[in-house]
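Novice: Provided herewith is a single structure, encoded as structure tokens, for subsequent inquiry.
A short reminder: the numbers here are calculations on the coordinates, not readings from a lab. Computed from a prediction, not measured in an experiment: that's the story for all the values here. With ideal geometry, Cβ positions are generated from the backbone for all residues, glycine too; neighbour counts draw on all protein chains shown.
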Amino acid sequence: MARDVRVASISFGGGGGPIEGRYERARATALELLESAALDRPDVVCLPETFTGLGCGEAEWIGSAETVPGPTTDALAQVARRHAMWVICPIVQRDGERRYNAAVLLDRRGEVAGIYHKIHPTIGEIRRGITPGTEAAVFETDFGRIGCAICYDLNFRDVIEGLSAGGAELVFFPSMYRGGLQLSIWAHDFAVHLVSATPGEGSAIVDPLGRVLAQSSAYQKILTRTLNLDRRVLHIDENHRHWPAIKAKYGPGVEIDVATPEAVFALISHLPEITIQDLISEFGLETRTEYFDRANRIREDALRRLDRAVPDARQTAATARRV
């Protein structure tokens, strides 16, 4: 069943200029860019990592910490509410004596729907006083399950593994660096859409086959795409035999997007009432996880048979020697 979500990513480098008033200038710029992004009527918009403190020195960056709710989330909440869109607001969060590199999720009413704390701050961040997060949080929205990873997180598989285990379909990546090939690897290996937001060029929207759909530039700071979340990445082996029957019955209502070098394909439903899970059940398709699990079981059975055969062969040889 077609489940479209309109995503937007914003690239910008903070407030600039003298440190005096820089946080406020960054917030004002973010609000202007959010208003521009809203013209494309996105369901969800993501800003870069700790955008109010971008371009600051170490002391000023940690000094940008604020509470939630606070001045930045309150200001962005008004835009979220006015345009009925979700907003991912990455800031340095102050919570009592602790400081977190955080991504705050605001819902369509401007309410705080959840907060993700960066699990893997850099060594420098920790030395400056950032407390590491402990949970790969997945949030329920009205269009699907989403998660966040922040910058350095991209180097550690436990983050995406946790998001995948929680059922995330769409992962947002506010970051100081682009990520590049690493984004495509995560997207491909865990069959999720990834949307990054960075200070300069190179913010990206990546599909679950690891393909980069769009990248930001100096001329295009705001990226917007419509993504259909009702899709599943399957292995070609054996499943490809069902393609003719699927197309014969559903025609353009079901899209088969093949990535030949990786031997996988994305099955995408554009049908109004039939989901990908319905199609998997109807045609007896095997998910990629099920296929690999079956392959491992067959391998393990073969090794067990071999282990049983070896003692039998040794016993036969020993008997022959005695005779």
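Novice: Please state the shape class of the range 1-66: rounded when a/c is under 1.5, otherwise prolate if a/b exceeds b/c and oblate if not, all from the C-alpha gyration tensor. Can you show the working numbers first?
Specialist: Values: a/c = 3.76, a/b = 2.34, b/c = 1.60.
Prolate.
Novice: Going by C-beta contacts inside 10 Å, put Lys221, Lys247 in order with the fewest on the left. Mind dumping the intermediate values first?
Specialist: Numbers: Lys221 18, Lys247 14.
With the fewest neighbours first, Lys221, Lys247 line up as Lys247, Lys221.
Novice: For the chain, which DSSP H helices look membrane-span-like by this rule: Cα extent along the axis of 18 Å or more and mean Kyte-Doolittle of at least -1.0? Don't skip to the answer; put the middle values down first.
Specialist: On the way: long enough: 22-38 (24 Å, -0.38); 71-83 (19 Å, -0.68); 288-322 (52 Å, -1.32).
The qualifying helices are 22-38, 71-83.
Novice: When a footprinting reagent is the concern and you count Cβ atoms within 10 Å, what order do Ile274, Ile222, Ile130 take, fewest first?
Specialist: Working: Ile274 17, Ile222 21, Ile130 24.
Lowest count first: Ile274, Ile222, Ile130.
Novice: May I ask you to derive the relative contact order of the chain, considering only C-alpha pairs under 8 Å and at least 6 residues apart, and to give it as an integer percent?
Specialist: Working: 667 pairs, mean separation 52.5, N = 323.
Value for the chain: 16 percent.
Novice: When the scattering of the chain is computed by the Debye formula from its Cα atoms alone, each counted once and equally, what is log10 I(q)/I(0) at q = 0.09, 0.11, 0.15 Å⁻¹?
Specialist: The Cα Debye sum returns log10 ratios of -0.53, -0.72, -1.16.
Novice: Classify the range 1-153 from the C-alpha gyration tensor, please: rounded if a/c falls under 1.5, else prolate or oblate depending on whether a/b exceeds b/c. Provide the component values of the computation, followed by the final result.
Specialist: On the way: a/c = 1.95, a/b = 1.31, b/c = 1.49.
It comes out oblate by the Cα gyration axes.
Novice: Here's something else I'd like to know. Which value in Å does the Kirkwood hydrodynamic radius of the range 119-226 take, with 1/r averaged over all unlike C-alpha pairs and then inverted?
Specialist: Over the range 119-226, the inverse of the mean reciprocal pair distance is 14.1 Å.
Novice: Now for a separate question. If one computes the Cα centroid of the range 143-182 and of the range 9-82, what distance in Å separates the two points?
Specialist: Computed from Cα coordinates, the inter-centre distance equals 21 Å.
Novice: Hey, what does the equivalent ellipsoid look like for the range 152-207, semi-axes from the Cα gyration tensor as sqrt of 5 times each eigenvalue, largest first, whole Å? Please report the intermediate quantities before stating the final value.
Specialist: On the way: eigenvalues 65, 25, 18 Å².
Semi-axis lengths for the range 152-207 are 18, 11, 9 Å.
Novice: Then there is this: Over the range 183-323, what per residue volume does the convex hull of the Cα atoms give, in whole Å³?
Specialist: On the way: hull volume 23.3 nm³, N = 141.
Spread over its residues, the Cα hull of the range 183-323 gives 165 Å³ apiece.
Novice: Taking amide H atoms as placed 1.01 Å from N in the peptide plane, list the residues 5 or more away in sequence, or in a different chain, whose amide H sits under 5 Å from that of Ala259.
Specialist: Amide H to amide H, under 5 Å and 5 or more residues apart or across chains, Ala259 pairs with Val264, Phe265, Ala266.
Novice: I'd like the projected area of the range 232-286, averaged over all directions, using the convex hull of its alpha carbons. Report it in nm² with one decimal.
Specialist: Details: hull surface 13.4 nm².
Directional mean of the projected Cα hull area for the range 232-286 stands at 3.3 nm².
Novice: Then there's this: In percent, how large is the relative contact order of the range 145-216, given Cα pairs closer than 8 Å and 6 or more residues apart? It would help to have the intermediate numbers written out before the result.
Specialist: On the way: 144 pairs, mean separation 19.1, N = 72.
Here the relative contact order equals 27 percent.
Novice: With a cut-off of 8 Å between alpha carbons and a minimum separation of six or more residues, what is the relative contact order of the range 238-316 in percent? Please report the intermediate quantities before stating the final value.
Specialist: Values: 40 pairs, mean separation 15.0, N = 79.
It comes to 19 percent, rounded to a whole number.
Novice: Apply the Karplus curve 6.51 cos²θ - 1.76 cosθ + 1.60, θ = phi - 60°, to the phi angles in the range 214-222 and return the couplings in whole Hz, x for Gly and Pro.
Specialist: 7, 9, 7, 8, 4, 8, 9, 7, 10
Novice: Which of Ser9, Ser216 has the fewest other C-beta atoms within 10 Å, and how do the rest follow up to the most?
Specialist: On the way: Ser9 30, Ser216 23.
With the fewest neighbours first, Ser9, Ser216 line up as Ser216, Ser9.
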